[in-house]
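First the structure, in the form of structure tokens, and then the observations on it.
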Amino acid sequence: MTYAQLLGEYKLEGYELYDLGYFPAVVKGNGAIECEVYRINPSILTELDELKKNSQDYVRELIPTPYGNAWIYLYRHSVEGLRHIKSGDWLKRDEES
């Protein structure tokens, strides 16, 4: 992300990752997902909110991380029929069979 500072990576327990095609879908569950935590300015957060709000598919939730509290966008719809990414790593989704 432009104008964002990567603070670090983090394995977030209690969530699962699904494939929507071009975008990931994160939901609460029994797994873990691989995350990157960024420091962003308020204008970037506003832009992200606008992108997500237009789709009505996501809700923003505050979570604790080793780098401080962070926002995560959770998918609001059923994941039934979507491909579950068992590794929890969006970047490695194509490596799974």
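Scanning segment 64-73 for any residue that is at pLDDT below 95, surrounded by fewer than 16 Cβ atoms within 10 Å (Cβ to Cβ), part of a strand (DSSP E or B) and in contact with a Lys or Arg (Cβ under 9 Å, 6 or more places away or on another chain) turns up at least one such residue.
Out of all the residues in segment 74-97, is one or more over 18 Å from L6 (Cβ atoms), touching a Ser or Thr at 6+ places or on another chain (Cβ under 7 Å), of a type outside the set (F, W, Y) and assigned to a loop (DSSP other than H, G, I, E, B)? Taking every residue of segment 74-97 in turn, at least one turns out to be over 18 Å from L6 (Cβ atoms), touching a Ser or Thr at 6+ places or on another chain (Cβ under 7 Å), of a type outside the set (F, W, Y) and assigned to a loop (DSSP other than H, G, I, E, B). Looking at Q56, is it at pLDDT 90 or above and exposed (fewer than 11 other Cβ atoms within 10 Å of the Cβ)? So Q56 fails the test.
The values are calculated or read from the model by the stated rules, or taken from the named source; none is laboratory data. Because the structure is a prediction, the values reported are computed rather than measured. As a convention, Cβ positions derive from the backbone with ideal geometry for all residues, glycine included, and neighbour counts pool all protein chains shown.
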